[in-house]
Amino acid sequence: MTESPWSSEELRGRRLEWIKNQVPNTKESPTVIAIDSTFAHHAGKKIHGVYWFWDYTKRQFCLAQRVVISSLVTPSKLVPLGYRIYHRGFLAEQKLFLEAMQPAEDETLEELETFNDLTKTYEENCKEHKTQLEIAADIVDECEKLGFQKDAYFLDGAFLDKTLMGRIEEYGQAWITRLARSRLVQVATGGFVTVEEFAKTLSKEDFKRIVITTRHREARVYWCFCKNMMLKHWKKLRIVISYDNKNMEGEPYFIISNKTNWVQAQKILQIYTMRDPIEHLIRDQKQELGFEDNQQQMETSLLKHWELTFAAHAFLELCFEFTYPDEMPVPMLETIGQKCRFF
């Protein structure tokens with residue numbers, strides 16, 4: 001088979017343009033762009049981009065690639081968009097090594113030059129290395145360049161960062177994410193307490209019953225408190241505290257958004273529920289479309305393999321149509337696997 005003359009970036013650009021043309025011009029509501037990260041697990045250490053990571057879901061270290069992914073989520077479509085691989089920089093370890101190798105005043109000229117070369121390499125690594133937050137910002141730029149219509153960006157809670165959220169706000173876009181219960185918010189006395197502690201001071205009367213509709217057109221009932229609050233070392237943001245039962249039992253969900261004018265918790269929570277399908281998308285990529293099956297040791301081969309899986313996923317999601325008989329209820333099929341088995 002002849003290798004494609006295009007680079008992985010060119011292939012991704014063509015795929016994203018095709019997706020944009022395939023998505024209907026009439027925006028469904030709500031429509032979000034979700035930014036998340038996942039592990040592509042492997043056994044070999046020589047595969048490109050594989051490092052040891054702590055996998056909090058399995059509660060153990062694993063060999064894997066860390067990938068930041070963006071997805072377009074609508075009530076009827078779930079389409080993978082962009083992806084970037086995260087490389088560990090080991091900058092802290094490099095800095096410690098330089099400190100340990102600091103030459104003495106009586107070192108030879110050759111030894112001093114060797115240390116200077118190591119220092120230059122470290123400085124170059126600092127400039128070139130990108131954190132997951134910086135990678136997510138690049139993905140935001142990519143999505144905005146394509147001009148997808150959306151209600152908001154939805155980000156995993158690990159991406160809650162002032163600089164990244166500022167990048168989204170530069171484009172005049174809304175964002176929603178989960179807030180860690182340990183984050184500090186300002187209360188009426190002027191002091192700061194954790195949002196978890198603040199939630200405990202609320203009474204049941206402070207929470208309002210709201211009903212939202214899932215992508216499966218199922219009604220869900222929540223009890224929510226919504227208020228604009230000052231986040232320590234940042235600014236005033238919209239915070240929603242939500243329970244799934246009227247007795248306010250169990251751990252609440254803490255959600256945060258930059259849309260301080262969205263006074264109704266229902267709108268924020270409705271968009272937040274669009275987070276649920278992302279797990280299905282990632283599972284489809286891994287189990288049905290070969291996202292974790294690559295064994296390439298070269299970056300170009302790896303990225304082209306991933307591009308094929310993303311292109312296949314987008315094609316199945318956007319071009320696979322089926323007309324149901326009039327007497328047959330239309331099933332709500334969430335994953336690629338479910339659709340393949342059903343048909």
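The values are calculated or read from the model by the stated rules, or taken from the named source; none is laboratory data. This one's a predicted model, so the numbers in the text were calculated from it and none came from an experiment. All Cβ positions, glycine included, derive from the backbone under ideal geometry; neighbour counts span all protein chains shown.
Out of curiosity, is T119 closer than 22 Å to L281 by Cα and free of Cβ contacts under 8 Å to residues at least 24 places away in the same chain? Spell out how you get there, then give the answer.
Values: closer than 22 Å to L281 by Cα: no; free of Cβ contacts under 8 Å to residues at least 24 places away in the same chain: yes.
So T119 does not fit the description; no.
Considering (1) surrounded by 20 or more Cβ atoms within 10 Å (Cβ to Cβ); (2) closer than 25 Å to I19 by Cα; (3) over 22 Å from the mean Cα position of the chain (by Cα), the lone condition that T300 does not fulfil carries the number (1). In the set I69, I47, only one residue is of a type in the set (V, I, T), under 29 Å from H216 (Cβ atoms), assigned by TED's automatic domain parsing to the domain that holds A158 and surrounded by 10 or more Cβ atoms within 10 Å (Cβ to Cβ); that residue is I69.
Residue count for the range 153-180, restricted to those that are crowded, with 16+ Cβ neighbours inside 10 Å, assigned to a helix (DSSP H, G or I) and not hydrophobic (A, V, I, L, M, F, W, C): 1. Among the residues making up the range 177-234, a single one is farther than 20 Å from I268 by Cβ, without any contact (Cβ under 8 Å) to a residue 24 or more places away in the chain and among the basic types (K, R): K200.
For the range 181-221, what are the residues that are of a type in the set (V, I, T) and either assigned to a loop (DSSP other than H, G, I, E, B) or surrounded by 15 or more Cβ atoms within 10 Å (Cβ to Cβ) (or both)?
We begin by selecting, within the range 181-221, every residue of a type in the set (V, I, T); these are 185, 187, 189, 193-195, 201, 210-214, 221.
Correct list: V185, V187, T189, V193, T194, V195, T201, I210, I212, T214.
Screening Q94 on (1) part of a loop (DSSP other than H, G, I, E, B); (2) modelled with pLDDT under 85 shows it passes everything except condition (1).
Conditions (1) out of contact with any Phe, Trp or Tyr (no Cβ under 7 Å at 6 or more places or on another chain); (2) modelled with pLDDT under 90; (3) outside the structural domain of R220 (by TED's automatic domain parsing), marked per residue:
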residue	(1), (2), (3)
S257	no, no, no
Q266	yes, no, no
L269	no, no, no
L289	yes, yes, no
E292	yes, yes, no
F315	yes, yes, no
F320	yes, yes, no
T323	yes, yes, no
E334	yes, yes, no
